[in-house]
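Reviewing the structure listed below.
Computed from the coordinates by the stated procedures, all read-outs in this text should not be read as laboratory data. Not measured: the values here are computed from a predicted model. Every residue, glycine among them, receives a Cβ derived from its backbone with ideal geometry; neighbour counts consider all protein chains shown.
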Amino acid sequence: MAPLRVAAFQRRPLFDDVSGVLVRLTADLEWCRHQDVQLALFPECYLQGYATERETIVARSLALDDHEIRGVLSVLRTYSTTIILGLIERRGASFFNSALVIREGKLLGTYAKTRPNEPGFDAGSDYPVFTTHDWQFGINICNDANFPDAALNVSRQGAQLLCYPLNNMLLPKNATKWRSKSVSNLQARAVETGCCVMSSDVVGHHGNQMSYGCTCIVSPNGDVVSRAREEAEAAVQFDLSPFCR
């Protein structure tokens with residue numbers, strides 16, 4: 001098995017501006033193209049902006065067959081990098097904190113957060129495993145990282161990589177608490193599963209909230225092998241070796 005070149009992006013959030021996010025997304029994917037990145041990870045609910053209350057979630061939500069999603073996929077069809085993109089997803093009368101897996105404009109599947117800590121989201125129930133460049137990977141989202149069983153449900157299916165879209169935009173006191181706790185959670189999940197782990201977080205300030213940013217790549221023994229600088233937009237890149245499981 002050849003190494004897998006991955007990149008995780010730490011970005012300031014945009015809200016209710018899918019077209020603006022798409023402009024930034026394509027710029028990042030152009031960078032991925034030049035860097036030969038094979039798998040790229042973006043933050044939780046990145047496409048429309050994170051929300052917790054049902055009213056805002058409903059207003060921002062998109063179904064996978066909406067024209068906005070079809071437009072996003074059309075723009076992304078020229079990029080061969082496999083993309084993990086967070087969004088607020090509508091399925092009938094249910095609303096999920098989800099992540100899309102996209103390659104060359106094709107939707108390969110979705111993961112819905114199974115342990116949502118937001119009152120406005122419904123809980124997902126499935127743990128799909130995806131393949132890119134002979135590597136198998138799965139997704140957990142933010143609060144899922146607090147639950148070892150969420151990671152084990154992926155690794156037991158043969159995944160070598162766990163991907164965590166995050167959104168640590170919190171009140172300053174809580175942001176300080178999770179500044180190190182988020183990293184230690186990711187390290188614990190790596191050790192427990194024997195998987196490589198990577199995360200992508202938002203950064204900066206929004207209203208009375210802030211995020212230091214917890215975008216990093218962790219080896220199966222729990223070592224942080226690459227991390228974005230706190231309080232700044234950045235991208236981290238790393239070549240994962242087959243030693244990951």
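Phi angles across the range 81-97 convert, under the Karplus curve 6.51 cos²θ - 1.76 cosθ + 1.60 with θ = phi - 60°, into 3J(HN,Hα) values of 4, 6, 10, 10, 10, x, 7, 9, 10, 9, 10, x, 9, 10, 9, 10, 8 Hz, Gly and Pro given as x. Site pair Ser226 and Val183 shows an inter-label distance of 1.7 nm when each label is modelled 7 Å from Cα along Cα→Cβ. Between Ala2 and Asp239, the modelled label-to-label distance comes to 1.1 nm, taking each label 7 Å out from Cα in the direction of the beta carbon. Stretching Ser125 away from Arg12 to a fully extended chain increases their span by 37.8 nm, per 0.36 nm per residue minus the current alpha-carbon distance. Distances between placed amide hydrogens fall under 5 Å for Tyr79 paired with Glu104, Gly105, all partners being 5 or more residues away or on another chain. Each label was represented as a point 7 Å from its Cα along the Cα-to-Cβ direction; for Val191 and Glu30 these points are 4.3 nm apart. Evaluated with a Cβ-only charge set (Lys, Arg +1; Asp, Glu -1), the chain carries a dipole of roughly 280 debye about its Cα centre, given to the nearest 20. Note on the chain: dipole from Cβ charges, positive end direction compared against Met210, Leu76, Ala228; the farthest Cα belongs to Ala228. Rg then Dmax, both in Å and based on the Cα atoms of the range 102-245: 14.9, 43. Helix content alone sets the calculated 222 nm mean residue ellipticity of the chain: runs of n ≥ 4 DSSP H residues at -39500 (n - 2.57) each, divided across all residues, give -8000 deg cm²/dmol. By DSSP, the beta bridges lying fully in the chain are antiparallel in about 65 percent of cases.
The alpha carbon convex hull volume per residue for the range 4-226 rounds to 108 Å³. Applying the Karplus relation 6.51 cos²θ - 1.76 cosθ + 1.60 with θ = phi - 60° to the range 182-189 yields 3J(HN,Hα) values of 4, 5, 5, 4, 5, 5, 5, 5 Hz, where x marks Gly and Pro. Of the residues Ile141, Ser19, Asn174, the one whose Cα sits farthest towards the positive end of the charge dipole of the chain is Asn174 (charges of +1 on Lys and Arg Cβ, -1 on Asp and Glu Cβ, taken about the Cα centre).
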